[in-house]
Amino acid sequence: MNIQTKYFGEVEVKQEDVVYFPNGLPGFEREMEFVILPVDESGVYQSLQSIQSAEMSLIVANPYVFFTNYEFTLEDQTLDLLGIESPEEVSVLSVLTLREPFQETTANLQAPIIVNTRTGMAKQLILTNTSYKTRHLIAEGGDRDAHTE
């Protein structure tokens with residue numbers, strides 16, 4: 001199928017590449033179907049693009065590229081909702097806020113996006129009782145900023 005995107009114009013995507021958020025994204029509850037498109041050649045930065053709304057696109061990245069000590073626990077409710085059966089099926093993404101200069105770009109570690117790579121089911125978690133914030137500078141490597149007690 002062809003979809004309109006915010007950053008790449010019209011692109012062709014496969015149905016099996018659609019990521020489904022059964023509850024939508026917080027603040028965008030009606031947006032339930034997305035695709036993940038590479039933004040750069042290395043694949044570090046990606047676009048989480050709605051297949052319904054061209055303007056609904058978030059820049060995301062694997063937080064472990066920048067924050068190697070990042071950790072949290074997935075509750076049974078999330079594992080069940082997403083049908084996660086093993087750790088190998090879990091992909092974690094963080095929403096980035098791009099800034100000028102790029103060194104000011106931040107990652108939201110308080111609300112990770114969890115994707116079951118086998119089923120395509122996804123959910124954005126809101127972590128509570130944590131020292132993670134919505135803005136951690138990615139340029140600093142972040143380990144000291146992202147560490148929780």
In this structure, does E55 turn out to be charged (D, E, K, R), loosely packed, with under 12 Cβ neighbours inside 10 Å and touching a residue at least 24 places away in the same chain (Cβ under 8 Å)?
yes
Need pairs with beta-carbon distance below 8 Å; first residue in contact (Cβ under 8 Å) with a residue 12 or more places away in the chain and on the phi > 0 side of the Ramachandran plot and within segment 71-96, second among the aliphatic types (A, V, I, L, M) and not in a loop (DSSP other than H, G, I, E, B); sequence gap 6+ or separate chains.
G83/M121
Please work out which one of (1) closer than 24 Å to G9 by Cα; (2) hydroxyl-bearing (S, T, Y); (3) more than 15 Å from the chain's Cα centre (by Cα) is the condition S57 fails and give its number.
(3)
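Restricting segment 1-52 to residues that are among the polar types (S, T, N, Q) and surrounded by fewer than 16 Cβ atoms within 10 Å (Cβ to Cβ), which is farthest from L125 (Cα to Cα)? Let's see the steps before the verdict.
Of segment 1-52, the ones among the polar types (S, T, N, Q) are 2, 4-5, 15, 23, 42, 46-47, 49-50, 52.
Going one step further and asking which of them are surrounded by fewer than 16 Cβ atoms within 10 Å (Cβ to Cβ), we end up with 2, 4, 15, 23, 42, 52.
Details: N2: 29, Q4: 27, Q15: 24, N23: 11, S42: 26, Q52: 22 Å.
Only one residue fits best here, namely N2.
Since every read-out is calculated from the coordinates, none of them should be taken as a lab result. As the structure is a computational prediction, the values presented were derived from the model and not from experiment. All Cβ positions, even for glycine, are placed from backbone atoms using ideal geometry, and neighbour counts span all protein chains on display.
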